[in-house]
1. Go through segment B:276-309 residue by residue and tally those that are open to solvent by less than 40 Å² (accessible area, probe 1.4 Å) and more than 9 Å from chain A (Cβ to nearest Cβ).
2. Does B:G135 satisfy being more than 16 Å from ligand 2 (Cβ to nearest atom), modelled with pLDDT of 95 or more and at positive phi?
3. Of the conditions (1) out of contact with any Asp or Glu (no Cβ under 9 Å at 6 or more places or on another chain); (2) open to solvent by 10 Å² or more (accessible area, probe 1.4 Å); (3) assigned to a strand (DSSP E or B), B:S50 clears all except one; give me its number.
4. B:D68 is checked against (1) within 14 Å of another protein chain (Cβ to nearest Cβ); (2) more than 16 Å from ligand 2 (Cβ to nearest atom) and fails just one. What number does that condition carry?
5. Would you mention how many residues in segment B:235-255 are closer than 18 Å to A:G163 by Cβ and either touching a His at 6+ places or on another chain (Cβ under 6 Å) or assigned to a loop (DSSP other than H, G, I, E, B) (or both)?
6. Among the residues of segment B:105-116, is any surrounded by fewer than 24 Cβ atoms within 10 Å (Cβ to Cβ) and within 16 Å of ligand 2 (Cβ to nearest atom)?
7. I'd like the full set of residues that are touching a residue at least 60 places away in the same chain (Cβ under 8 Å), buried (at least 16 other Cβ atoms within 10 Å of the Cβ), over 19 Å from A:Q128 (Cβ atoms) and within 14 Å of chain B (Cβ to nearest Cβ), limited to segment A:1-33.
8. Can you name every residue in segment A:37-60 that is open to solvent by less than 10 Å² (accessible area, probe 1.4 Å) and within 28 Å of A:T218 (Cβ to Cβ)?
Amino acid sequence: MRVVVVLKQVPDLVEEFEIDSDGTDIDREYLTFLLNEFDNHALEEALLIKDATGAAVEVVALDDPDVDQALYTAIAKGADRAVKLVGASGEGWLDTHTRAAAFAAWLGGEGYDLVLTGVQAADDLDGQLAPMLGALLGVPHVSVVVGVEAADGAARVRQEFAGGAVSELDVPLPAVIGVQAARAEPRYAAITKIRQAQQEGGLEQIDIDRPATSSGLTVRRMYPPERSDRAEMLTGTEAEVADKIIALIRDRGLMQG
Amino acid sequence: MSNDVLVVAEHSDSTLTDGTFELIGAARGIADSWGGQVVVVLVGDAALASQVVGADLVVTADAAQLSDYTSEAYESVLAGQIRQREPGAVLISMSTKGLDLAAALSAACGCPLVSYVVGLEVDGETLVATAQIYGGKIMAEVAIESRPAICGVIAGSFPADAGSAAGAANVEAADPPDLATLRTTFVALRTPDAGDVDITAADLLVAVGRGIGSEDDIELVQELADALGAPVAASRPITDAGWLPKSRQVGKSGLKVKPRGYLMFGISGAPEHLEGMRDAELIIACNTDEQAPVFDVAHYGTTLDLFDLLPELTERASG
Ligand SMILES: Cc1cc2nc3c(=O)[nH]c(=O)nc-3n(C[C@H](O)[C@H](O)[C@H](O)COP(=O)(O)OP(=O)(O)OC[C@H]3O[C@@H](n4cnc5c(N)ncnc54)[C@H](O)[C@@H]3O)c2cc1C
Ligand SMILES: Nc1ncnc2c1ncn2[C@@H]1O[C@H](COP(=O)(O)O)[C@@H](O)[C@H]1O
């Protein structure tokens, strides 16, 4: 069984975001890019399937910022193959429609059984990859998934709903799954193993054409949310702020005693 | 191509969700400026058509294969409706079903999609959506140049009452799609066990997020909660990691809470978390990132380090 995990780098959300001079995109220059956390869960789920069945796990990504680091980390965690598709990305944001077209074109020539990717990414302005990929490949897809057990050409997947309700579904393979959370917390790779993977350089680079696709959207403007009714910030030392918070909850009658 | 706006209805426990009425209200605004109708597509349980108010037409699709949700079956119905009716816009909630369906419909029907939509307006004839990206840190105003335009809307973005204005709609059954070739099969729906505490019943909640950094430090939050006589609630990464039980999770895939007080430590305020608590009466957030979206919903905030603030609070609350 071949399990392909599609990875994407996104800006670290903890950093300060600024808008570029055109006012239609974020300024990427000083941002740090990390693996989309849901893709990390997708990778973990794939590795759990490998642990259980001996499936081969392959990771694939476009030429996103600092993507080599993510791909080598995946190898260090146990991925059997890492592929970087070069040629689809230009400067700046790449829409999900173009990403999906690039991955679908590549996957179409590969004999995959299961494709896993994160349920969403923070910059999915034009939609989520997993369902789009499923539709383009013409295979069943399930998203918001919290567990995949695959064997003998079929997978049982657990799809999560509001309030934590979970629906169990059976899908024949091949299929595309959007992972919300793996059955276990994503494993860590030892730094030494990541370095070793980097030194061995086992990253396959494949040139592709930029798909003739677009999102059909025109971003008129990007801006930080308007701060009109933003929180009143409490200032002072820890002790002073603590006094203020305690006073606020006491005034509302929320303190016992 | 019509000027109609199609709304994908959502239901649970034989009741249409609030989100459905929010979408009907938003659809009405767009349909009025385009001179079109609001058409609600109701998949699964045709009997719920009588609950629809505020729309012009309800199209029902009812079949054994549609009684339990699968993306494949719903998608075949909805794609059929989009192709047949060629609406100007399609509104769908960004719930699990929306996350499952919207992007697939976009690819299958070749129409543009904006997700995380929180605002919609018509400029000339063009539909302009405002979307929340980067975990709520940035807003994007996006013109959708071609039709039908699919919009995945974040729950709570539009008032539900606008869509529940009186007025019964006509009801018609959809042309049945071919459901014989479906590959996905529904097995069972499992509802979570009730937890040790019911966080939806508490007056005050102390909520912790990934900023806490490690399982061992959950204790610092627990100590404050104990001193205040309040339960500890959490964001998703904390329950995913198993640091607290799932029954403590607040948000889209957790519980919706409306306590009188909600104290937040190390939670960024992603839209999926805010969905579960934005109606709390008093929200106080501690987050070292002054740009964190949580400060857009909190009433009071502090950028102090939670590790410095928690012990001070616990000391005072125990006093
Ligand atoms: C379909 C779906 C459903 C989801 N459902 C839910 C849900 O029900 N509930 C939910 O919560 N999430 C849900 N999520 C996940 C959501 O998108 C976010 O990933 C999640 O809410 C982030 O949790 P967080 O704020 O704890 O972590 P982060 O976003 O990582 O934020 C941690 C914050 O802590 C701050 N911080 C760090 N150190 C300190 C310190 N020392 N002192 C003070 N502050 C500090 C940082 O500045 C940061 O803002 C869902 C996602 C999807 C796709
Ligand atoms: N049979 C089902 N299959 C899949 N999802 C369902 C099913 N029944 C309910 N749901 C969804 O699960 C969530 C909780 O449903 P309920 O437990 O009925 O309130 C809602 O989002 C429903 O839409």
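1. Qualifying residue count for the region: 5.
2. No.
3. (3)
4. Every listed condition holds for B:D68 apart from (2).
5. Of the residues in segment B:235-255, 7 are closer than 18 Å to A:G163 by Cβ and either touching a His at 6+ places or on another chain (Cβ under 6 Å) or assigned to a loop (DSSP other than H, G, I, E, B) (or both).
6. No; the residues of segment B:105-116 include none that is surrounded by fewer than 24 Cβ atoms within 10 Å (Cβ to Cβ) and within 16 Å of ligand 2 (Cβ to nearest atom).
7. A:F17, A:T24, A:D25, A:I26
8. A:D39
The values are calculated or read from the model by the stated rules, or taken from the named source; none is laboratory data. Keep in mind it's a predicted model, so treat the numbers as computed, not measured. So basically every Cβ, Gly included, is an ideal-geometry build from the backbone, and we count neighbours across all protein chains shown. The protein model used for the area step is the full one, side chains on, heavy atoms only, and it has no ligands, DNA or RNA in it. Shrake-Rupley method; radii C 1.70, N 1.55, O 1.52, S 1.80 Å.
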